[in-house]
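Undergrad: Dropping a structure here in structure tokens format, bear with me for questions.
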Amino acid sequence: ETGVTQSPTHLIKTRGQQVTLRCSSQSGHNTVSWYQQALGQGPQFIFQYYREEENGRGNFPPRFSGLQFPNYSSELNVNALELDDSALYLCASSSVGGSGGSYGYTFGSGTRLTVV
Amino acid sequence: DQQVKQNSPSLSVQEGRISILNCDYTNSMFDYFLWYKKYPAEGPTFLISISSIKDKNEDGRFTVFLNKSAKHLSLHIVPSQPGDSAVYFCAAGQGGSEKLVFGKGTKLTVNP
């Protein structure tokens, strides 16, 4: 059973640029969530996708957008990057019909994004 | 507004002793709670969870206690092992919402 894989592992972008982060869910999982973890903070919920539809969103501006594909892989897109977007971005998947939170998500190792 | 608080940034214990990690929350609507462990350069790993209808859940060396009236939960690790050294995150969720709210984490160091 493969886990959650994220790419790239590290990325450096310039302020104002756009970035796409990718996530392959664990086999059999149909729900994917994205979290942002700033230095010294806990992960913060960005949004979740279930069956290719957005299924909840945290307090992030619209320049944070996402997609989920039929094979349950996912992308996080961030436009007009700002310095404060520098963080570890974590993807998490679950299989319990969108109600995976109480069962514990499987997290990937994350993408470390640095905006300069 | 920090709804989940882990007030101890770090904790150091001796191998074989008990580790107690604490977490407080403010939102009484949370109905399940989880603990995650995170090693450097890895994603958080699910450890143990507890529903708000319970006050204790045990899994091997790990026990989570929930005190709803105090809005407090704790994770007990007995006995502590050097491999338990990691950052531990407390998280809370609410039925009908898949958003997990995390604390800032507590770095546990278990000394041999």
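Undergrad: Mind checking the mean number of beta-carbon atoms from other chains within 10 Å of the Cβ atoms in B:34-45?
TA: 5
Undergrad: Please report, to one decimal in angstroms, the Kirkwood hydrodynamic radius of chain A built from all distinct Cα-Cα pairs.
TA: After inverting the pairwise mean of 1/r, the radius is 14.0 Å.
Undergrad: Against the empirical 2.2 N^0.38 Å scaling, what ratio does the C-alpha Rg of chain B come to?
TA: Cα-based Rg divided by the globular estimate yields 1.01.
Undergrad: Mind checking which lysines have their Cα closer than 25 Å to the Cα of B:K56? Skip sequence neighbours fewer than 8 apart in that chain.
TA: B:K5, B:K37, B:K38, B:K68, B:K71, B:K99, B:K104, B:K107
Undergrad: Also: How charged is the neighbourhood of B:A92? Take every other residue with its Cβ under 11 Å from the Cβ of B:A92, and add Lys/Arg as +1 and Asp/Glu as -1.
TA: Value of the local net charge: +1.
Undergrad: Probe radius 1.4 Å, ligands and nucleic acids left out: which of A:H29, B:H72, A:H10 has the largest accessible area, and how do the rest follow?
TA: The ordering from most to least exposed comes out as A:H10, B:H72, A:H29.
Undergrad: Then there's this: Given springs between every Cα pair under 10 Å in a Gaussian network model of chain A, which of A:Q48, A:Q68, A:Q37 has the largest fluctuation?
TA: A:Q37
Undergrad: With all protein chains present, how much of the accessible area of the protein assembly as shown (probe radius 1.4 Å) comes from carbon and sulfur, to the nearest whole percent?
TA: Ligands and nucleic acids excluded, carbon and sulfur give 47 percent.
Undergrad: Another question, if that's okay. Counting heavy atoms of the protein chains only and a 1.4 Å probe, report the per residue accessible area for chain A as a whole number of Å².
TA: Ligands and nucleic acids excluded, the result is 47 Å² per residue.
Undergrad: Continuing with this model, one more query. Which value, in Å² rounded to 10, gives the accessible area of A:E52 with a 1.4 Å probe and all protein chains present?
TA: Roughly 90 Å² of A:E52 is accessible to a 1.4 Å probe.
Undergrad: Lys and Arg at +1, Asp and Glu at -1: add these up for the other residues within a Cβ distance under 14 Å of A:Y49 and post the number.
TA: Once positives and negatives cancel, what remains is -1.
Undergrad: Just reorder A:R63, A:R51, A:R112 by solvent-accessible area, largest first, 1.4 Å probe, all chains present.
TA: A:R51, A:R112, A:R63
Undergrad: Give, rounded to the nearest 20 debye, the magnitude of the charge dipole that region A:1-99 has about its Cα centre when Lys and Arg contribute +1 at Cβ and Asp and Glu contribute -1 at Cβ.
TA: Approximately 140 debye in magnitude.
Undergrad: Shifting gears a bit: Could you check which residue among B:A91, B:A70, B:A41 shows the biggest mean-square fluctuation in a GNM of chain B with a 10 Å Cα cutoff?
TA: Checking each option, the largest mean-square fluctuation is seen for B:A41.
Undergrad: Rounded to the nearest 100 Å², what's the accessible area chains A and B bury against each other, both chains counted, probe 1.4 Å?
TA: So the total buried area for this chain pair works out to about 1500 Å².
Undergrad: If Rh is defined by the Kirkwood formula over all Cα pairs and Rg also comes from Cα, what ratio Rg/Rh do you get for the protein assembly as shown?
TA: Ratio of gyration radius to Kirkwood radius for the protein assembly as shown: 0.97.
Undergrad: Once you list every other residue whose beta carbon is under 13 Å from the beta carbon of A:Y35, what net charge do they have if Lys and Arg are +1 and Asp and Glu are -1?
TA: Within the 13 Å Cβ shell, the charges total +2.
Undergrad: Could you name every residue in region B:65-112 that has 20 Å² or more less accessible surface in the full protein assembly than in its own chain alone (probe 1.4 Å, ligands and nucleic acids excluded)?
TA: Correct list: B:F89, B:E98, B:K99, B:L100, B:F102, B:K104.
Undergrad: Taking +1 at the Cβ of each Lys and Arg and -1 at the Cβ of each Asp and Glu, which of A:F45, A:A87, A:S73 sits farthest along the dipole of region A:1-113 towards its positive end, judged by Cα position relative to the Cα centre?
TA: A:A87
The values are calculated or read from the model by the stated rules, or taken from the named source; none is laboratory data. Quantities reported herein were computed from a predicted structural model and do not represent experimental measurements. Cβ: placed from backbone, ideal geometry, glycine included. Neighbour counts: every protein chain shown. Surface areas here come from the heavy atoms of the whole protein model, side chains and all, with no ligands, DNA or RNA. Shrake-Rupley method; radii C 1.70, N 1.55, O 1.52, S 1.80 Å.
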